[in-house]
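Data block below; observations after.
The values are calculated or read from the model by the stated rules, or taken from the named source; none is laboratory data. Fair warning: this is a prediction, and the values are worked out from it, not measured in the lab. Here the Cβ positions follow ideal geometry from the backbone for every residue, glycine too, while neighbour counts run over all protein chains shown. These area figures cover heavy atoms from the full protein model, side chains too; ligands, DNA and RNA do not enter into them. Shrake-Rupley method; radii C 1.70, N 1.55, O 1.52, S 1.80 Å.
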Amino acid sequence: GAGVSQTPSNKVTEKGKYVELRCDPISGHTALYWYRQSLGQGPEFLIYFQGTGAADDSGLPNDRFFAVRPEGSVSTLKIQRTERGDSAVYLCASSSNRGTDTQYFGPGTRLTVL
Amino acid sequence: GIQVEQSPPDLILQEGANSTLRCNFSDSVNNLQWFHQNPWGQLINLFYIPSGTKQNGRLSATTVATERYSLLYISSSQTTDSGVYFCAVVPNAGGTSYGKLTFGQGTILTVHP
């Protein structure tokens with residue numbers, strides 16, 4: 001596609017439930033990033049993929065968060081046993097190579113945990 | 001980790017005015033990007049500018065890497081310029097940074113007609 005796309009655009013769930021957030025990067029981009037943005041803050045790094053492998057997952061807050069990119073294109077961010085504090089906008093970005101290149105962001109998924 | 005500070009935190013302008021937004025960072029970088037986050041939350045790329053000067057229409061940016069700051073200039077502001085402006089950097093950490101952007105807290109710009 002022309003840009004990074006994310007689905008769903010909004011997700012409301014109940015505390016304790018499992019959610020999956022999807023990211024489709026720009027075609028041909030090998031680097032993919034997930035960020036999380038809380039209200040009034042700048043986005044914060046979660047995880048970086050180069051191809052299929054997670055090269056850096058140092059930003060994942062705890063083991064309830066996991067992400068995959070099995071074929072080196074689409075990525076899914078998975079959150080188990082959601083908590084109210086997980087409520088935020090989850091942003092995906094891609095770049096043609098490692099982060100010395102411009103990163104392009106998707107529209108985000110707004111997650112609300114009730 | 002690297003620190004990114006943006007100023008001012010808030011800026012209110014009348015349409016047609018000019019403004020300068022500043023981004024200071026605490027370490028050398030190999031990527032610096034300016035973004036505009038519109039009211040719908042979309043992060044729009046403005047500039048990729050780890051060093052030097054670039055211009056795009058009414059916007060221009062300058063990064064002085066040796067002094068660790070970047071400036072974003074907005075001339076003849078319009079109401080559609082309203083939103084949050086973020087500076088984000090990747091530290092030059094010998095490859096271990098993997099390109100993860102560290103964002104500043106942003107500057108909230110409001111342009112009144």
- Item | Filter result for A:S95 (touching a residue at least 40 places away in the same chain (Cβ under 8 Å), crowded, with 18+ Cβ neighbours inside 10 Å and not aromatic (F, W, Y)) | yes
- Does B:T20 count as polar (S, T, N, Q) and buried (at least 22 other Cβ atoms within 10 Å of the Cβ)? no
- Message: Against the definition (more than 15 Å from A:T82 (Cβ to Cβ) and open to solvent by 50 Å² or more (accessible area, probe 1.4 Å)), how does A:G59 come out, yes or no?
- Response: no
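Could you tell me whether the stretch A:70-78 includes any residue that is closer than 18 Å to B:T102 by Cβ and among the aliphatic types (A, V, I, L, M)?
Taking the stretch A:70-78 first, the residues closer than 18 Å to B:T102 by Cβ are none.
No, the stretch A:70-78 contains no residue that is closer than 18 Å to B:T102 by Cβ and among the aliphatic types (A, V, I, L, M).
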- Query: In the stretch B:92-113, which residue that is more than 20 Å from A:Q37 (Cβ to Cβ) and not hydroxyl-bearing (S, T, Y) is least open to solvent (accessible area, probe 1.4 Å)?
  - Reply: B:V111
- If only one of A:V4, A:V74 is within 14 Å of chain B (Cβ to nearest Cβ), among the β-branched types (V, I, T) and at negative phi, which one is it? A:V4
- Could you please find all residues in the stretch B:1-17 being open to solvent by 90 Å² or more (accessible area, probe 1.4 Å) and in contact with a Pro (Cβ under 7 Å, 6 or more places away or on another chain)? B:E15
- Message: For the stretch A:75-88, which positions are β-branched (V, I, T) and loosely packed, with under 15 Cβ neighbours inside 10 Å?
- Response: A:T76
- Query: What are the pairs, 6+ residues apart or on separate chains, where a residue within the stretch A:45-56 that is farther than 19 Å from A:A88 by Cα has its Cβ under 9 Å from a residue that is among the hydrophobic types (A, V, I, L, M, F, W, C) and open to solvent by 20 Å² or more (accessible area, probe 1.4 Å)?
  - Reply: A:F49/A:A55; A:F49/A:V68; A:T52/A:V68; A:A54/A:V68; A:D56/A:F45
- Message: Please determine whether any residue of the stretch A:35-46 is over 22 Å from B:G83 (Cβ atoms) and surrounded by fewer than 18 Cβ atoms within 10 Å (Cβ to Cβ).
- Response: no
- Here is a list of conditions, (1) closer than 17 Å to A:Y33 by Cα; (2) at pLDDT below 95, and B:F35 meets all of them except one; can you say which number that is? (2)
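Out of A:G85, A:G51, A:G40, report the one residue that is more than 14 Å from chain B (Cβ to nearest Cβ) and among the small types (G, A, S).
Numbers: A:G51 fails: more than 14 Å from chain B (Cβ to nearest Cβ); A:G40 fails: more than 14 Å from chain B (Cβ to nearest Cβ).
So the residue among A:G85, A:G51, A:G40 that is more than 14 Å from chain B (Cβ to nearest Cβ) and among the small types (G, A, S) is A:G85.
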